[in-house]
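Report on one structure; see the data block that follows.
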Amino acid sequence: MSTALPEQIEAIFQQVKARNPGEDEFHQAVKEVLESLGPVLVKYPEFSDQKIIERICEPERQIIFRVPWQDDRGEVHINRGFRVEFNSALGPYKGGLRFHPSVYLGIIKFLGFEQVFKNALTGMPIGGGKGGADFDPKGRSDSEIMRFCQSFMTELHRHLGEHTDVPAGDIGVGGREIGYLFGQYKRLTNRYESGVLTGKGIGWGGSLVRKEATGYGAVYFVREMLKVRKDSLDGKTCVVSGAGNVAIYTIEKLHEHGARVVACSDSHGVIIVEKGIDLDLVKQLKEVERRRIADYAGYRQGARYLAGGTIWEVPCQVAMPSATQNELNGRDARTLVRNGCIAIGEGANMPTTPEGIRVFLDAGIAYGPGKAANAGGVATSALEMQQNASRDSWSFEFTEQKLDSIMTGIHAATWETAEEFGAPGNYVIGANIAGFIRVARAMEALGLI
Ligand code: NDP
Ligand code: 2IT
């Protein structure tokens with residue numbers, strides 16, 4: 001992957017940087033996509049004439065709002081809420097909400113931009129958007145979380161709708177938060193509009209498999225990458241960063257495929273278990289008790305905890321970054337390759353830095369970028385929307401089968417597109433081009449919007 005862009009695309013990128021100052025993550029995400037698009041403009045000059053790239057880099061709408069709330073002691077707090085409605089050429093804006101203290105406009109824009117192409121890759125009728133707040137849920141009581149969610153939705157609700165904008169979870173937003181958000185939306189609108197949020201609870205409009213979908217889907221993507229190489233996950237040693245929603249169900253599916261996950265992590269440190277992570281314990285600590293992964297070592301002999309350590313030093317054949325952006329840099333990538341890693345499947349969004357990506361591609365290992373590998377979450381959200389629209393609910397097996405075939409399809413499409421554009425085996429180019437073309441075609445058809 002070269003960093004030198006064709007002149008015309010370089011000019012667009014410089015303009016994006018100038019128009020969005022200080023938004024480093026957004027610049028990074030845009031650059032990675034633009035680096036893939038040179039051959040697309042050669043093949044389809046009409047996209048240049050219609051300024052599709054310039055239009056795709058500019059969100060359709062950006063909403064920033066105040067979120068005031070009171071903690072349990074009565075103290076008032078003010079957070080900042082965001083929703084970036086990036087592109088609706090293919091369907092209503094669709095994408096998660098992130099509650100994390102690091103959130104600012106540049107993070108939400110990078111996530112929204114990625115979401116546009118990811119959602120296009122699923123082949124489903126969903127546009128791209130993302131939102132969130134710089135709220136830190138850590139250490140907050142259930143009532144504080146509820147009050148925050150209610151205040152957040154009090155402002156956001158006017159921008160949402162099952163045919164307009166449909167949020168879901170991301171970092172810091174899971175089933176509990178979606179419940180409080182849905183409750184407040186229902187109260188404000190006097191409508192039981194199930195399709196306005198996804199990731200809902202089973203029993204009040206949620207879909208089976210949605211909770212598991214991102215992790216399971218990422219493992220299916222890796223399974224497909226290995227299949228092309230006449231290999232499989234059976235017996236492989238794996239590491240999975242994070243210990244949240246995506247990491248937990250990545251580990252679960254890796255284990256089901258006969259792989260052994262020897263390490264996972266959270267923002268404080270890494271837990272290493274040579275004989276394989278006990279996932280029930282991780283679920284109890286993280287999903288139920290909301291504690292740190294460090295506590296794992298207190299319950300199981302043979303578990304080592306590295307405070308503040310990097311998980312990528314743990315030798316493995318398959319690595320699945322599933323925590324956050326830029327968590328794996330060039331040095332980490334070199335360490336992984338040196339230790340014999342053969343496949344990377346990104347559960348997180350943009351977890352590998354540009355230098356890290358280059359190391360993986362140069363080493364010729366199977367590298368599945370987030371916008372392809374983690375698309376199973378949003379794809380199953382779209383399946384949830386389908387069930388809501390038809391007032392139906394599908395079995396676990398039926399829904400999981402659909403997720404599997406969507407992920408297998410995304411793998412095939414990215415693989416074939418990479419070949420077609422002269423970059424066999426390069427899923428970065430395959431995903432960026434396949435996603436871009438689908439959105440561009442729709443934008444072309446809908447006129448100057
Ligand atoms: P969770 O909040 O459930 O878990 C996040 C995990 O990542 C936690 O273990 C957290 O540790 C760790 N983490 C978060 N921020 C940091 C940080 N700055 N440094 C180190 N560790 C960090 O979120 P998800 O599992 O839902 O999301 C994980 C990733 O997957 C994100 O990149 C998200 O955008 C992406 N994703 C999520 C989808 C979904 O359906 N949920 C779909 C597609 C992608 P700690 O608890 O200590 O903060
Ligand atoms: O990054 C993502 O794809 C998500 N957080 C899930 C989005 C969704 O709408 O399910």
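Taken over the stretch 153-197, residues that are of a type in the set (A, V, I, L, M, F, W, C), within 18 Å of Pro68 (Cα to Cα), away from ligand 1 (no atom under 16 Å from the Cβ) and open to solvent by less than 20 Å² (accessible area, probe 1.4 Å) amount to 2. Being in a loop (DSSP other than H, G, I, E, B), at positive phi, more than 15 Å from ligand 1 (Cβ to nearest atom) and touching a residue at least 40 places away in the same chain (Cβ under 8 Å) is not true of Gly447. Within the stretch 312-341, the set of residues being open to solvent by 20 Å² or more (accessible area, probe 1.4 Å), more than 22 Å from the chain's Cα centre (by Cα) and of a type outside the set (S, T, N, Q) comprises Glu313, Pro315, Arg331, Arg334, Val337, Arg338, Gly340. Report, by residue number, each residue of the stretch 86-96 that is within 13 Å of ligand 2 (Cβ to nearest atom) and in a strand (DSSP E or B). Those that are within 13 Å of ligand 2 (Cβ to nearest atom) and in a strand (DSSP E or B): Phe86, Tyr93, Lys94, Gly95, Gly96. Of all residues in the stretch 126-138, those being away from ligand 1 (no atom under 11 Å from the Cβ) and more than 9 Å from Phe99 (Cβ to Cβ) number 5.
For the stretch 413-434, a residue qualifies if it is closer than 17 Å to Gly127 by Cα and open to solvent by 30 Å² or more (accessible area, probe 1.4 Å), but none of them does. If you take the residues of the stretch 386-408 that are away from ligand 1 (no atom under 16 Å from the Cβ), polar (S, T, N, Q) and closer than 19 Å to Val219 by Cα, which of them is surrounded by the fewest Cβ atoms within 10 Å (Cβ to Cβ)? Taking the candidates together, the pick is Ser405.
Remark: pairs (first residue in the stretch 152-179, closer than 21 Å to Val116 by Cα; second residue β-branched (Val, Ile, Thr) and open to solvent by 40 Å² or more (accessible area, probe 1.4 Å); Cβ separation under 7 Å; 6+ apart in sequence or on different chains) = Ile171/Thr324. Residues of the stretch 338-358 that are touching a residue at least 24 places away in the same chain (Cβ under 8 Å) and more than 26 Å from Asp24 (Cβ to Cβ): Asn339, Gly340, Cys341, Ile342, Ala343. For the stretch 272-280, check the following and say yes or no: at least one residue is among the basic types (Lys, Arg) and under 23 Å from the mean Cα position of the chain (by Cα). No, the stretch 272-280 contains no residue that is among the basic types (Lys, Arg) and under 23 Å from the mean Cα position of the chain (by Cα).
Among residues of the stretch 350-385 being within 13 Å of ligand 2 (Cβ to nearest atom), not in a loop (DSSP other than H, G, I, E, B) and not aliphatic (A, V, I, L, M), the one that is surrounded by the fewest Cβ atoms within 10 Å (Cβ to Cβ) is Gly370. Taken over the stretch 108-122, the residue count meeting the criterion of being over 12 Å from Phe436 (Cα atoms) and of a type outside the set (Val, Ile, Thr) is 4. I want to confirm something. Restricting to the stretch 78-103 and keeping residues that are within 13 Å of ligand 1 (Cβ to nearest atom) and in contact with a strand residue (DSSP E or B) (Cβ under 8 Å, 6 or more places away or on another chain), which single residue is farthest from Gly199 (Cα to Cα)? Among those residues, the one meeting the criterion is Val103.
Scan the stretch 242-292 for residues that are within 16 Å of ligand 2 (Cβ to nearest atom), open to solvent by less than 20 Å² (accessible area, probe 1.4 Å) and touching a residue at least 40 places away in the same chain (Cβ under 8 Å) and the total you get is 3. I'd like the full set of residues that are closer than 21 Å to Ala247 by Cα and either more than 13 Å from ligand 2 (Cβ to nearest atom) or in a helix (DSSP H, G or I) (or both), limited to the stretch 159-201. Hits for the stretch 159-201 are Gly175, Arg176, Glu177, Ile178, Gly201. Restricting attention to the stretch 97-137, the residues that are outside any helix (DSSP H, G or I) and surrounded by fewer than 24 Cβ atoms within 10 Å (Cβ to Cβ) add up to 10. I'm trying to understand the selection: among the residues of the stretch 253-273, which are within 20 Å of Arg300 (Cα to Cα) and within 13 Å of ligand 1 (Cβ to nearest atom)? The answer is Ala263, Cys264, Ser265, Asp266, His268, Gly269, Val270, Ile271. Filtering Ile449, Ile437 for residues that are buried (at least 17 other Cβ atoms within 10 Å of the Cβ) and closer than 25 Å to Glu58 by Cβ leaves a single hit, Ile437. Please find, among Gln70, Gln15, the residue that is open to solvent by 20 Å² or more (accessible area, probe 1.4 Å) and closer than 30 Å to Ser143 by Cα. Checking each option against the conditions leaves just Gln70.
For Val314, the test of being in contact (Cβ under 8 Å) with a residue 60 or more places away in the chain and either over 25 Å from Gly95 (Cβ atoms) or within 16 Å of ligand 1 (Cβ to nearest atom) (or both) is passed. Does Glu32 satisfy the condition of being surrounded by fewer than 16 Cβ atoms within 10 Å (Cβ to Cβ), within 21 Å of Ile433 (Cα to Cα) and under 21 Å from the mean Cα position of the chain (by Cα)? No, not satisfied. Can you give me the number of residues within the stretch 198-219 that are farther than 21 Å from Lys283 by Cβ and open to solvent by less than 50 Å² (accessible area, probe 1.4 Å)? Adding up the residues that qualify gives 2. Checked against the criterion of being in contact (Cβ under 8 Å) with a residue 24 or more places away in the chain and of a type in the set (Val, Ile, Thr), the candidates Val42, Val30 yield just one match: Val30.
The values are calculated or read from the model by the stated rules, or taken from the named source; none is laboratory data. Keep in mind that this is a model prediction, so the values were computed, not measured. All Cβ positions, even for glycine, are placed from backbone atoms using ideal geometry, and neighbour counts span all protein chains on display. Accessible surface areas use protein heavy atoms only, side chains included; no ligands, DNA or RNA. Shrake-Rupley method; radii C 1.70, N 1.55, O 1.52, S 1.80 Å.
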